[in-house]
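The values are calculated or read from the model by the stated rules, or taken from the named source; none is laboratory data. Model, not experiment: these values are computed from the prediction. Here Cβ is always computed from backbone atoms with ideal geometry, including for glycine, and neighbour counts include all displayed protein chains.
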């Protein structure tokens, strides 16, 4: 989804900085500068570095909320007893950017929820100082990860919910960018 949005923005003439985790997808448009990262901490650092130079950010990546405290460099062998794995919270990239967001910037988040979807997405929108949030649901067949299609809802600060049908991610990217352009027009106008 992130690559589709980056390509759509770039096709409209935007200069795009795409911070991405390890994927096999390639950028097609020369207006996209791709920055590859491995960890949530690296993504956090890169996003903080570039955000002040941007008109906004669209936080598409499904960054894990937690990471192991200890990372082994070798395979952990099977043992007969239980193995405890201690986790620490990863940095919250959207919340960090929300704290530093200027009035002339737009910040868009994504939410993948498993229960009370709209309510949890609205809470995230407010808590992280987002302009709007794109809600994905695990309940929608053919949507989200491992699919070339997606079905979304866009929730904005006013509480308005826009519902979209299942469609190719390239078409979903058009819907998201159209919403983004509307927000940018209201900010600059």
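Which of the residues that make up segment 71-100 are in contact with a strand residue (DSSP E or B) (Cβ under 7 Å, 6 or more places away or on another chain), in a loop (DSSP other than H, G, I, E, B) and in contact (Cβ under 8 Å) with a residue 40 or more places away in the chain? Answer for segment 71-100, where residues must be in contact with a strand residue (DSSP E or B) (Cβ under 7 Å, 6 or more places away or on another chain), in a loop (DSSP other than H, G, I, E, B) and in contact (Cβ under 8 Å) with a residue 40 or more places away in the chain: just 90. Just one residue in the set 88, 78 is at negative phi and at pLDDT below 95; that residue is 78.
Being in a loop (DSSP other than H, G, I, E, B) and in contact (Cβ under 8 Å) with a residue 24 or more places away in the chain is the filter here, so list the residues in segment 18-52 that pass it. Hits for segment 18-52 are 21, 27, 39, 52.
For residue 155, state whether it is touching a strand residue (DSSP E or B) at 6+ places or on another chain (Cβ under 9 Å), assigned to a helix (DSSP H, G or I) and at pLDDT 95 or above. It is false that residue 155 is touching a strand residue (DSSP E or B) at 6+ places or on another chain (Cβ under 9 Å), assigned to a helix (DSSP H, G or I) and at pLDDT 95 or above. Reported count of residues in segment 1-13, each being in contact (Cβ under 8 Å) with a residue 40 or more places away in the chain and in a loop (DSSP other than H, G, I, E, B), is 2.
Scanning segment 101-129 for residues that are assigned to a loop (DSSP other than H, G, I, E, B) and free of Cβ contacts under 8 Å to residues at least 60 places away in the same chain, we see that the one that is nearest to residue 55 (Cα to Cα) is 105. Of the candidates 105, 146, 126, the single residue that is at pLDDT 90 or above, out of contact with any strand residue (DSSP E or B) (no Cβ under 7 Å at 6 or more places or on another chain) and either farther than 24 Å from residue 44 by Cβ or surrounded by fewer than 20 Cβ atoms within 10 Å (Cβ to Cβ) (or both) is 126. Scanning segment 96-126 for residues that are within 13 Å of residue 59 (Cβ to Cβ) and touching a helix residue (DSSP H, G or I) at 6+ places or on another chain (Cβ under 7 Å) yields 96, 97, 106, 107, 108, 109, 111.
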